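A.B. asks: Mind looking over this structure? Questions follow.
What follows is calculated from the coordinates using simple rules that are stated; it is not laboratory data. Computed from a prediction, not measured in an experiment: that's the story for all the values here. Note that we place each Cβ from the backbone using ideal geometry, even for glycine, and neighbour counts take in every protein chain shown.
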Amino acid sequence: MRKGIRYAIDFGDARVGLAKSDIDGILAVPVATLKNDQELIKNILKEVNETGCLEIYVGLPKHLSGAIGQSARKFMLAYLSISQVPLVNQLQKP
C-alpha cells in the first residue's frame, strides 16, 4: 500500500462524517461532522487540500431495495467534476 493520507466519507441525510487516516493508512480518526448542504463539497475540499490527500473512500449507502443512496451518488458526480483526488467506492450493506 502506498504511503499517504486517506479520507473516508460516511453519508447521512442531514450530516456527513469525515475521517482521516495516518500516513501509513493503518489508523483512521474522526475529523469532522459536516452538514449535508450546498457547502459540503467546499468544506471537504478545504480539508483534503490542506493535507495532500492520496484518495478518498466514499461509503455508498445501500437501501433494502438494493438501490444506492442518492445523496452519495450526487456528491460523487459533483466532486469528480472539480477535484483530481481519486474516489474509492465502498458499498455499505443494510
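A.B. asks: For the pair Ile23/Lys3, report the inter-label distance in nm, with labels modelled 7 Å from Cα in the Cβ direction.
C.D. replies: 0.5
A.B. asks: Below 8 Å between Cα atoms, with a sequence gap of 6+, how large is the relative contact order for the range 1-40 in percent?
C.D. replies: Relative contact order for the range 1-40 comes out at 36 percent.
A.B. asks: By how many degrees, between 0 and 90 and to the nearest 10, does the Cα long axis of helix 70-80 differ from the longest principal axis of the chain?
C.D. replies: Taking the Cα atoms of the chain, the angle to 70-80 is about 40 degrees.
A.B. asks: Taking only Cα atoms, what is the 0 to 90° angle, nearest 10, from helix 40-51's long axis to the longest principal axis of the chain?
C.D. replies: That works out to roughly 20 degrees.
A.B. asks: On to the next question. For the range 6-92, give me the percentage of DSSP beta bridges that are antiparallel, rounded to the nearest 5 percent.
C.D. replies: 55
A.B. asks: Okay, moving on. Pick out, from Thr51, Phe75, Ala28, the residue whose Cα sits farthest towards the positive end of the charge dipole of the chain, with +1 on the Cβ of Lys and Arg and -1 on the Cβ of Asp and Glu.
C.D. replies: Toward the positive end, the furthest listed residue is Phe75.
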